[in-house]
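Written out below as structure tokens is the structure these notes cover.
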């Protein structure tokens, strides 16, 4: 499955919810499925700034050239959002991640979270994921 | 006369808005209040009929604008009962008022001096003093609070000594809602010859402020937390202080005479108002303060106290909710946490149900750290909020808690 296909599947899943409560309940559930980050990575180095709640994100570059993310947050909605991102981007190469657009977040009605004033840091999370991908790509090229 | 809440609500057009399909319940008044139609009209009337630069033109419009602007200053004087009109300095808001004062006091603070602030200060009344102390080699001392969110006056008195140059404290805490016994505190400080600045940002729209009765040397507040627009605020400073202190910014309006060699500075309050001022802001501030006066500050206080008491009762009945700040004297702000749930999640879901609250550290990080919390949720009230809104908010909160548990 490509990232695009995964995003389409998420959009379809979200289209089934007709009210915000179902959508947020689902996000809260997603948060619980989040691949747990190792305690040692819950440090200032892995903390994403710009969030009212704390978010830690760690990336591992495997020998197969693919990037795997783990994360955690102390707020459950934020956890659900970061879980969604990780579900989408974990297990792909740096190039695949960098060549993906983020329209799907708008389509599932999470656009409000993209505004910088929301201060939940969705924007910072996406930037951090892309930053990791860029860094790993540079390493590959060297 | 009874408190006519429906008439008041009708004056605030934004209260008719829907948020996420629900009627707006605006409980973020501690961050900024909404504006009545009278204030909105005042701003547009100014640009429709009077706009002109003040204090310099010989033409009619400029004269009119100047008269209105200075009239607004006089009204602010009356509102807080300052002795003289030139003790009212217009600023952008509380933050600028305090920065102005901290800059002007800089030469007066020397190595070894001490400045007292409390553990419940907003960053605006904390960081400027921290910076000043750092620059001048002075010590910033923090007056602690007890578990209820109250200051210990005996301890406070013990912290005052011959090196204490200033006590800067908040009139009302933006996080805890505590009303500090400022009159008593000022008396203690005065007896030791220590000047006092009050941060009135959270007080001005909620409780009577009489600077002569309080006896403070300086008082700072923002217009936008008192039904006026953003970008206008006031620093009240006793004439005998402000006349001796140096200017804050340099430029137009604040000068007396400028030559290539030397400049001399204008009289108070103009010495502290460099550049073209926020004229429409000052006019709208007057309109807002008149609105408060017509409603009656005591009636507003009574109404808001009732809302607060009702909200405290309602919230206390919800399992897992803990109210933060249980001082005997409180006004208009209610902070709480829900056990095991992050404040951000609570705020996010309340918004979905049309309830606007503030979450986080409320720009008082040292206080939040002191309380050992990740932040709080704060519902803060204004004159237009109703008991029914509090009920709906409590119902929404029950729903939120059940979703997140």
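Values quoted throughout were computed directly from the atomic coordinates according to the rules given, and no laboratory measurement underlies them. None of these values were measured; they are calculated from a predicted model. With ideal geometry, Cβ positions are generated from the backbone for all residues, glycine too; neighbour counts draw on all protein chains shown.
List of remarks:
- Label zone (residue B:293, point 7 Å along Cα-to-C-beta; backbone nitrogen cut-off 19 Å) within the range B:237-277: B:237.
- With 5 Å bins from 0: P(r) over the range B:2-41, alpha-carbon pairs, percent: 6, 20, 26, 28, 16, 4, 1
- By the count of neighbouring beta-carbon atoms within 10 Å, fewest first, B:265, B:79 end up ordered B:265, B:79.
- For the range B:161-270, convex hull of alpha carbons as volume per residue, Å³: 136 Å³
- Computed helical MRE - 222 nm, chain A, DSSP H runs ≥ 4 contributing -39500 (n - 2.57), nearest 500: -15000 deg cm²/dmol
- Chain A: angle of helix A:76-89 to the longest principal axis, Cα-based, in degrees nearest 10: 50 degrees
- If you take the Cα centroid of the range B:17-74 and the Cα centroid of the range B:176-196, the two points sit 33 Å apart.
- Cα centroid of the range B:341-358 to Cα centroid of the range A:1-21, whole Å: 24 Å
- Spacing of the two label points (7 Å from each Cα toward its C-beta) at residue B:140 and residue B:155, in nm: 1.9 nm
- MRE, 222 nm, helices only [DSSP H, n ≥ 4, -39500 (n - 2.57), over chain B, to nearest 500]: -11500 deg cm²/dmol
- Rounded FRET efficiency, nearest 0.05, which uses the C-beta distance separating residue B:405 from residue B:2 and R0 of 56 Å: 0.85
- Taking other C-beta atoms within 10 angstrom as a stand-in for reagent exposure, B:175, B:337, A:76, B:58 fall in the order B:58, B:337, A:76, B:175, fewest first.
- Estimated inter-spin distance, residue A:2 and residue A:45, nm [label 7 Å along Cα→Cβ]: 3.6 nm
- Ellipsoid semi-axes in whole angstrom, largest first, where each is sqrt(5λ) of the Cα gyration tensor of the protein assembly as shown: 45, 28, 26
- Computed FRET value (nearest 0.05) for residue A:60 with residue A:13, which takes r as the C-beta separation and R₀ as 35 Å: 0.85
- Where labels lie 7 Å past Cα in the beta-carbon direction, separation of residue A:68 and residue B:309 in nm: 6.1 nm
- Using every pair of distinct Cα positions in the range A:10-80, the Kirkwood expression returns a hydrodynamic radius of 13.6 angstrom.
- The range B:142-212 shape via C-alpha gyration tensor axes, a/c threshold 1.5: oblate
- Relative packing of peptides A:133-142, A:81-90 - highest average C-beta neighbours within 10 Å first: A:81-90, A:133-142
- Counting Cβ atoms of other protein chains within 10 Å of each residue's Cβ and taking the mean over peptide A:76-86 gives 2.
- Nearest-ten-degree value, helix B:279-295 long axis tilted from longest Cα axis of chain B: 50 degrees
- The range B:6-127: relative contact order in percent, alpha carbon pairs under 8 Å with at least 6 residues between: 11 percent
- Kirkwood Rh in Å, taken over the range B:30-115 so that all alpha-carbon pairs contribute: 16.0 Å
- Each residue in B:147, B:77 was given a count of other beta-carbon atoms within 10 angstrom of its own, and listing them fewest first yields B:147, B:77.
- Per-residue mean of C-beta atoms belonging to partner chains within 10 Å, peptide A:20-29: 3
- Based on C-alpha pairs under 8 angstrom that are at least 6 apart in sequence, chain B has a relative contact order of 22 percent.
- Shown here is the pair-distance distribution of the range B:241-311: with all Cα-Cα distances grouped in 5 Å bins from zero up to the longest one, the shares run 4, 13, 14, 12, 11, 10, 9, 10, 8, 4, 3, 2, 1 percent.
- Annotation: chain B has a Kirkwood hydrodynamic radius of 22.2 angstrom, from the mean reciprocal C-alpha pair distance.
- DSSP beta bridges confined to the protein assembly as shown are antiparallel in about 65 percent of cases.
- Percentage relative contact order, chain A, counting C-alpha pairs under 8 Å, at least six apart: 26 percent
- Note on the range A:22-52 and the range B:268-319: Cα centroid distance 39 Å, given to the nearest whole angstrom.
- Note on chain B: antiparallel DSSP beta bridges, both residues inside, total approximately 60 percent of the bridges counted.
- If the convex hull is drawn through the Cα atoms of the range A:46-100, its volume per residue in Å³: 76 Å³
- Taken residue by residue and averaged, Cβ atoms of other chains lying within 10 Å of the Cβ of B:343-350 number 6.
- Using alpha carbons only: equivalent-ellipsoid semi-axes of the range A:3-141, gyration tensor based, whole Å: 23, 18, 14
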